[in-house]
């Protein structure tokens with residue numbers, strides 16, 4: 001009887017332990033606001049991109065350019081440097097910016113960086129492998145008038161179980177031909193975290 005009781009007790013304890021460690025996963029709306037750790041997250045990225053685009057289009061630079069040149073301005077989104085204390089995927093922030101620019105429709109957006117190089121490789125391949133009628137020609141790219149670049153900075157202040165995290169996101173829009181800054185935007189986020 002003692003021999004039988006010991007394995008049953010071990011099996012029962014193992015089952016209780018495993019049941020206590022189980023995890024549940026629940027799907028939620030991707031646009032819902034979640035802030036579990038207090039670090040930069042998807043909500044911060046989306047809200048910042050929206051606020052910056054509203055600031056950028058609320059300024060007169062695009063109207064002035066269009067009146068002067070009789071065409072919509074063309075923008076290329078450069079790098080947004082992460083100078084904060086934590087890992088931030090600036091690429092998701094850049095995609096949020098690009099999505100907001102395209103949705104606005106009052107300016108044009110061209111590819112940058114690796115994506116542009118991939119398009120050029122495809123165009124090069126078409127010169128050898130596509131028919132003459134369908135191969136895309138060289139020298140037809142749309143040149144950008146302006147480049148949008150930026151930084152994400154942070155300051156962390158804490159005492160005992162309380163922590164304040166401050167993010168400052170700055171974007172600069174520069175005329176590529178003249179190096180003139182035509183717009184500067186800023187968004188600040190501050191979070192209080194209690195452990």
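Each reported figure results from applying straightforward, stated rules to the coordinates on display, with no laboratory input. All of these numbers come straight from a predicted model, not from anything done at the bench.
By the equivalent-ellipsoid construction on the alpha carbon gyration tensor, segment 19-99 comes out with semi-axes of 37, 14, 10 Å, ordered largest to smallest. Straightening the chain between residue 179 and residue 126 buys 15.6 nm, computed as 0.36 nm per residue apart minus the Cα-Cα spacing. In percent, rounded to a whole number, the relative contact order of the chain is 21, using alpha-carbon pairs under 8 Å and six or more apart. The DSSP beta bridges internal to segment 38-195 are antiparallel in roughly 75% of cases. Helices in the chain, meaning DSSP H runs of at least 4 residues, each add -39500 (n - 2.57). Divided by all residues, the mean residue ellipticity at 222 nm is -13000 deg cm²/dmol.
Ellipsoid semi-axes for the chain, based on the Cα gyration tensor and the rule √(5λ), read 49, 28, 14 Å when sorted largest first. For segment 75-117, the Kirkwood hydrodynamic radius comes to 11.5 Å, computed from all pairs of different C-alpha atoms.
Here the gap between residue 186 and residue 43, fully extended at 0.36 nm per residue and compared with their Cα-Cα distance, gives a gain of 49.8 nm. Taking the centroid of alpha carbons for each part, segment 104-171 and segment 41-88 are 12 Å apart.
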